[in-house]
Amino acid sequence: MSNLLVNTRDQQFVLFEQLGIEKLFESEAFKDFTKDDLLMIMNEAEKLAVNVLAPTFKEGDEEGCHIKDGIVTVPKCFHEPFKKFCEGGWLNPMDSPDVGGQGIPAAVGFANIEIFGAANYAFMMYPGLTHGAASLIHSYGTEEQKNKYMYRTFSGEWTGTMCLTEPGAGSDVGALKTTAKRLPDGRFLITGTKCFISAGDHDLTPNIIHPVLARIEGDPAGTKGISIFIVPKVTVNDDGSLGEPNDVKCGGIEHKMGIKGSATATLNFGEDGKCIGELLGNERDGIKIMFQMMNEARIGTGMQGLVSASAAFEHAVAYAKERVQSVPVWEMKNPDAKAVAIIKHPDVRRKLLWMKSHVEGLRSLCYFTAYCLDMSKVSKTEEEKANWEGFLDLMTPVVKAYTTDKGLLVCSMAMDVYGGYGYCQEYPVEQYMRDEKIATIYEGTNGIQALDLVGRKLGQRKGANVMNLFGVIQKNIAKAKTNPELAKYAVLLEEASNACIELTMFFAQSGKSGDFLLPVLNACKFLEIFGDVIVGHFLIEAAQTAAGKLDAIYEANGASSIGKQKGLQRSDKEAAFYSGRIASAKFFANDILTTVKARCESVKMAEKSPLEITDEAFAW
Ligand SMILES: Cc1cc2nc3c(=O)[nH]c(=O)nc-3n(C[C@H](O)[C@H](O)[C@H](O)COP(=O)(O)OP(=O)(O)OC[C@H]3O[C@@H](n4cnc5c(N)ncnc54)[C@H](O)[C@@H]3O)c2cc1C
């Protein structure tokens, strides 16, 4: 099937040839799956994405969400696809069958999310948040709460949200003002306003389950005093039927740059003093509990960076092959020269390879993170489990921030490839770029993610997670050095990786010597460097696999000369694919990894001008 959303061949490459997820089938949790089963599931996901979700991409953006007389409506074209999506079991295929899932590996679940999101990310906000809310109740709810709320949320009969942000509490969640007052029956009266709540109100389903952070009266200030409550939009009777509306009113929806099909609502809880909430988990455990959903959402938001980049890149390549403009530079003096497709121009080729290498690297990064989840489930020892969970913790802020920052740049570069047409709504890249921008902001801005990486994640388990990662990278380098074609690129990865290790140590030392502001000031720079090294590692690892497969194709076809090999790269799709993977690794190593050491040195020079400049000196 041909689609301009995601390179499905590359998806399969990452899953089966790079990560080797078939290893999972040896475990109890995944023993009932075969590679063919998973390919079939991915094929079905692709059909749904191409035939059902993609047609709503432009229409959903143009129609957007509306509010009239307090009723919020989503684009009309979302209703039928939402039903089909849920009926097809796509809301929670990674969960266990006892909650309606199919127990598929997360790595494959992520591949499906990539193609669904590339078809329409604004649409995917509804199932994404719904899954997160249901999972919270699954992990922390009582049996009664599960029966009352969870099953119908997992099935998509109702949807879910995530209610943290308030006008005065954005990055600083601990500053929230929403309160919870005890009722004699053990439930709580919730009062407060949450803003920017995705899927906060809409007409897709008759009920919405809001997990809401609030402070029980008398509990301490800051994050330690926060609890979490299940607050349904409509109350649910003991027999499961819907009761009275629960005093949750939508105060308005945002008019925003992108993801226009996703309703971003201000929600007023308890305007009439009648909003009922049920405590989820223990009192004052709200942040700990919500972190489960936030981590899921952070990785999901990272996926948003990948999906936008994937689709924008696929479109840019197709456009570059069709758009004819300018004679090639080497024919400039030939008056009879003909204009060529823009893909022939060196600068366009460089841009396309920049995008291709980033998209592929981001795909490996995201799927590897999902694979960590799978491996943590099937680990045989506590230590092994802790190592996989450690990778997952370490990767979460990187996936969120690095993927979304680079995803946005890929969209921007795709627009450059289109020239002026890319800036216009006739072509989809401007929407991909508008939809993508929010991903660098919500779920904790990328600045906050970088602080999480530098301030918490690097030091977790006394630095074992990060050192394990560098150990894996070093093994990959040693192996790549034995491949004559890749050896010099492996050296570039080694230099970049060593510089990054030194910077990590330097940060640890700065913290110990009291100069903790230096890592804080440079956290974003560090996250980018760290991400570059990880992506460079994945690309070189993948290139080694690709090189082996390519050699086998050459051998099978008797292609020993460069000329014959080039010919195969044109005529044989698999040869083209593997040679493209090698090109990505070489390009990324040369273009990006060579800059890592200089950027590390620049941080170590401890430039403090952003701290020293007075507020007054910033602007006239
Ligand atoms: C479309 C959309 C959908 C959203 N969906 C949801 C949702 O479903 N649920 C939900 O709860 N929220 C949601 N949000 C809110 C979103 O998570 C917040 O906007 C985001 O966390 C930032 O908070 P803020 O906007 O108040 O910015 P602020 O916190 O005011 O931050 C402004 C700037 O200051 C920086 N900053 C703040 N504190 C620090 C610090 N300590 N150190 C360094 N820099 C700092 C930030 O990085 C940012 O650059 C959504 C927002 C939007 C726009």
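The numbers here are math on the coordinates, done by the rules we state, and not lab data. All of these numbers come straight from a predicted model, not from anything done at the bench. Cβ sites come from the backbone with ideal geometry, for glycine too, and all protein chains shown count toward neighbours.
General remarks:
- Answer from 129, 164 - the residue that is farther than 20 Å from residue 41 by Cα, in contact with a Leu (Cβ under 7 Å, 6 or more places away or on another chain) and hydrophobic (A, V, I, L, M, F, W, C): 164
- In region 420-454, residue surrounded by the fewest Cβ atoms within 10 Å (Cβ to Cβ) [restricted to those that are among the hydroxyl-bearing types (Ser, Thr, Tyr) and under 20 Å from the mean Cα position of the chain (by Cα)]: 445
- Which listed residue is under 18 Å from residue 69 (Cα atoms) and not polar (S, T, N, Q), from 201, 238: 201
- For the residues 469, 392, the requirement of being touching a helix residue (DSSP H, G or I) at 6+ places or on another chain (Cβ under 8 Å), away from the ligand (no atom under 16 Å from the Cβ) and without any contact (Cβ under 8 Å) to a residue 60 or more places away in the chain singles out 392.
- Whichever residue in region 413-445 is within 16 Å of the ligand (Cβ to nearest atom) and hydrophobic (A, V, I, L, M, F, W, C) and, among such residues, is farthest from residue 399 (Cα to Cα): 433
- Residue that is surrounded by 16 or more Cβ atoms within 10 Å (Cβ to Cβ), free of Cβ contacts under 8 Å to residues at least 40 places away in the same chain and of a type in the set (Phe, Trp, Tyr), where the choices are 30, 13, 25: 25
- Residue 111 being surrounded by 24 or more Cβ atoms within 10 Å (Cβ to Cβ), of a type in the set (A, V, I, L, M, F, W, C) and more than 16 Å from the ligand (Cβ to nearest atom): yes
- Output for region 166-206, where each listed residue is under 30 Å from residue 80 (Cα atoms) and buried (at least 19 other Cβ atoms within 10 Å of the Cβ): 194, 195, 196, 197, 198, 199, 200, 201, 202, 204, 205
- Checking each residue in region 255-303 for being within 14 Å of the ligand (Cβ to nearest atom) and either in a strand (DSSP E or B) or more than 23 Å from the chain's Cα centre (by Cα) (or both) picks out 255, 264, 265, 266, 267, 269, 286.
- Filter pass, residue 521 being out of contact with any Gly (no Cβ under 9 Å at 6 or more places or on another chain), within 16 Å of the ligand (Cβ to nearest atom), farther than 30 Å from residue 565 by Cα and hydrophobic (A, V, I, L, M, F, W, C): yes
- Taking region 231-254 as the range and being within 16 Å of the ligand (Cβ to nearest atom) and assigned to a strand (DSSP E or B) as the test, the residues that pass are 231, 248, 250, 251, 252, 253.
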